[in-house]
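A short write-up of the structure that comes next.
The values are calculated or read from the model by the stated rules, or taken from the named source; none is laboratory data. Given the structure is predicted, the values throughout are model-derived calculations rather than measurements. So basically every Cβ, Gly included, is an ideal-geometry build from the backbone, and we count neighbours across all protein chains shown. We work out accessible area using only protein heavy atoms, side chains counted, and drop any ligands, DNA or RNA first. Shrake-Rupley method; radii C 1.70, N 1.55, O 1.52, S 1.80 Å.
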Amino acid sequence: MTAHSPADAPLTAVVTGASSGIGRATAARLVADGWRVLAVARREERLAELAAETGCEVLAVDVTSDESVAALVARVEELFDGSLNAVVHVAGGALGVETAAEADLEKWQRMYDINVLGAVRVTRALLPAVRRSGRGDLLFLTSVAGHEAYPGGSGYNAAKAGEHMLAAALRLELNGEKVRVIEVAPGMVRTEEFSLVRLGDQDAADAVYDGVEQPLTAEDCADVVSYALNAPHHVNLDLVTVRPLAQAAAHRVARHQGL
Ligand SMILES: NC(=O)c1ccc[n+]([C@@H]2O[C@H](COP(=O)([O-])OP(=O)(O)OC[C@H]3O[C@@H](n4cnc5c(N)ncnc54)[C@H](OP(=O)(O)O)[C@@H]3O)[C@@H](O)[C@H]2O)c1
């Protein structure tokens, strides 16, 4: 195992949540930037398409499973000689829009399991490889929902606030080491599955974006991630909020009829 990648070797990254939306666009973007990428999520057929399209490496991983994440560590060891420059935590999402008074605790539990425990499980497992690289990054794709509450958001607000605090504590704990902790917190991003998974119905999912002029795209978010990861390593975009122009706050979105 090498202690440091040679200076001219491609940078290496694991991207979670890479089977769709922001994670998929991020994996593709990093490959285009010249990185070696191991893209992970649960759905293998989606990952196979991504591999065929981009040439990235893929592995089926469930971030809520210790066993699955252990297999991820083994694959990083094999592929990258145990030295990893970046972990991009995108796996996550929202379930439901119930008020706190009507909270569905199973959904709260699942949101916490994926967004918070999934992120810390993968971090804990891969941090030794990230430290070994000598140029490390832990990037957390949180959300403005982790910073601003909105009615019907409490379960997701709490989970994303938890992920934000994980990133914040890690930044303090890793201070003085060659590991940046970066948080990218997007507002409204129109991806195929996010609102569908949250609401369970295509019409309701489409209505989320009704009348909104140009919600962010997955590629817009991948651009920000790419900028943050490719910046000189002493430059740490520790928290980046990115929203569409039409959105002034999580719950304040300009809508126009006929759009
Ligand atoms: N869209 C938005 O408006 C928005 C705004 C701000 C932040 N975000 C955040 O951005 C991230 C990506 O969102 P998106 O819009 O791209 O939604 P998405 O298309 O639904 O992506 C979610 C990804 O997470 C993966 N995933 C879910 N559970 C997993 C698990 N247990 N293990 C491994 N992977 C898992 C999914 O893949 P599999 O199902 O194949 O496992 C999928 O690739 C999420 O963290 C979300 O909270 C989204």
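Answer with one residue from VAL240, GLY92, CYS221: the one whose Cα lies farthest towards the positive end of the charge dipole of the chain, charges on Cβ with Lys, Arg +1 and Asp, Glu -1. Towards the positive end, the residue furthest out is VAL240.
Leaving out ligands and nucleic acids, note down the accessible area per residue over the stretch 12-253 with a 1.4 angstrom probe, in whole Å².
Numbers: 10700 Å² over 242 residues.
Roughly 44 Å² per residue, with all protein chains present.
The alpha carbon centroids of the stretch 98-124 and the stretch 26-89 are separated by 23 Å.
The apolar share of the surface of the stretch 185-231, taken as the fraction of accessible area on carbon and sulfur atoms (1.4 Å probe, ligands and nucleic acids excluded), comes to 48 percent.
Over the stretch 148-259, what is the relative contact order in percent, taking alpha-carbon pairs closer than 8 angstrom and at least six residues apart? Kindly include the intermediate steps, with their values, before the conclusion.
Numbers: 114 pairs, mean separation 39.1, N = 112.
Over the stretch 148-259, the number comes to 35 percent.
When you restrict to C-alpha pairs under 8 Å that are six or more residues apart and normalise by the size of the chain, the relative contact order lands at 19 percent. In terms of accessible area, using a 1.4 Å probe and ignoring ligands and nucleic acids, HIS256, HIS89, HIS234 rank largest first as HIS234, HIS256, HIS89. Near LEU174: Cβ cut-off under 10 Å, other residues only, Lys/Arg at +1 and Asp/Glu at -1. The net charge is +2. Summing charges over all other residues whose Cβ lies under 12 Å from the Cβ of THR64, with Lys and Arg as +1 and Asp and Glu as -1, gives -1.
Other residues lying with their Cβ under 13 Å from the Cβ of MET111 contribute a combined charge of -1, Lys and Arg counting +1, Asp and Glu -1. Per-residue accessible area (protein heavy atoms, 1.4 Å probe) orders SER133, SER154 as SER154, SER133, starting from the largest. Taking θ as phi - 60° and the Karplus parameters 6.51, -1.76 and 1.60, the scalar couplings of the stretch 58-64 work out to 9, 8, 6, 9, 9, 5, 8 Hz in sequence order, x denoting glycine and proline. Ranking of PHE194, PHE140 by solvent-accessible surface, largest first: PHE194, PHE140 (1.4 Å probe, protein heavy atoms only, all chains present).
Only four residue types carry charge here, +1 at the Cβ of Lys and Arg and -1 at the Cβ of Asp and Glu. Report the dipole size of the stretch 12-253 about the Cα centre in Debye, rounded to the nearest 20.
Details: 22 positive and 34 negative charges, 169 e Å.
That gives the stretch 12-253 a dipole magnitude of about 820 debye.
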